[in-house]
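Nothing in this text is a laboratory measurement; each read-out follows from the coordinates by a stated rule. None of these values were measured; they are calculated from a predicted model. Please note: Cβ atoms are built from the backbone with ideal geometry, for glycine as well, and neighbour counts cover all protein chains shown.
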Amino acid sequence: MTLGKLAEAPKATHSRAAIGSVRGYFTQVFAVSDAEVRKLRHDPSELLTRALQPAIWLLLFGEVMAQVRGLGGENGRYLDFLAPGILAQSVLFAAIFYGIAAIWERDLGVLHRYMVSPAPRSALVLGKATSSGVRGLAQAVIVYVLAVIMGIAVDFHPANILGVIFFIALGSGLFSTFSLIIACIVKTRERFMGIGQVLTMPIFFASNAIYPIEIMPPWLKVVSMANPLTYEVDGLRALMLAGGASKYGLAFDAAVLVAISAALVAVAARMYPRMTA
């Protein structure tokens, strides 16, 4: 064997080891995610109950507020403007209470089994965030069906559908991870429910989900710009609607959501083991 081949052998070994580590990491993420998604398959009625909320917002709130001038955005039709916001809201409301499942897991002893497994804590958090994204996609199907029935101009181009899936999964994972952090802090179901209810409304109303940012007072505009839901809605509005456009740019929307998600996963991975204390 030549000297060149001897020098290349350790590099190849390190490369295979790195690929194996990455593959093993994402296998662990998938295992946690799959376990969470199976819970949804065992209780499909949960999807039906969640269908009521976007239906109420679109049919009641949307039809009433459509009569108010100046709320339709650039396209002029308020229901078209509202539909992506309600989709994001449905995902938010489902994800923000995701942390209560972690409290249940701790009480049932499931969390202790997670903690003694060799899986990195970040893989556990990412697995739960991924499963939350799958639940968010179920919400998207419901909103799309309602939108078609109500005559909303939905864009069904495959690339746009994939983009909507990406933003829903990203937004759902972000808010479910945020929910997990809250659960790690409060540690009880009663406190979590109270805090979750307090947080959802400000996040929702301090965004561009149901009215344009342009009509907000200056202080609320600042809050909205710091709100990740604003960028999720902006991306969904560009991809979901025929002729839709992003105010900030799809790349910027995605970059903001990815950056915030990464920061939240890092925080949650450090705090998650404390739930067993």
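Converting phi to 3J(HN,Hα) with the Karplus coefficients 6.51, -1.76 and 1.60 and the offset θ = phi - 60°, the stretch 84-92 yields x, x, 5, 4, 5, 5, 4, 5, 4 Hz in sequence order, with x at every glycine or proline. Ranked by how many other Cβ atoms sit within 10 Å of their own Cβ, fewest first, the residues 106, 135, 270, 113 fall in the order 113, 270, 106, 135. Full extension of the chain between residue 108 and residue 157 gives 13.2 nm of extra length, using 0.36 nm per residue less the Cα-Cα distance.
Taking amide hydrogens as placed 1.01 Å from N in the peptide plane, the amide H of residue 209 sits under 5 Å from that of no residue at least 5 positions away in sequence or on another chain.
Phi angles of the stretch 139-147 translate, via the Karplus equation with coefficients 6.51, -1.76, 1.60 and θ = phi - 60°, into HN-Hα couplings of 5, 5, 4, 4, 5, 4, 4, 4, 5 Hz per residue; Gly and Pro are given as x.
Note on residue 149/residue 214: beta-carbon distance plugged into 1/(1 + (r/R0)^6) with R0 of 25 Å gives a FRET efficiency of 0.25. In plain terms, the residue of 180, 241 with the fewest other Cβ atoms within 10 Å comes first and the most crowded comes last, giving 241, 180. Centre-to-centre, using Cα atoms only, the stretch 230-266 and the stretch 78-98 are separated by 14 Å. In this structure the amide hydrogen of residue 154, modeled in the peptide plane, comes within under 5 Å of the amide hydrogens of 242, none closer than 5 places in sequence on its chain. Which chymotrypsin sites (Phe, Trp or Tyr not before Pro) in the stretch 119-213 sit in a loop by DSSP (not H, G, I, E or B) and have at most 13 other Cβ atoms within 10 Å of their own Cβ? Answer by residue number: 156. Among 176, 224, 132, the ranking by other beta carbons within 10 Å of each residue's beta carbon, starting with the fewest, stands as 224, 132, 176.
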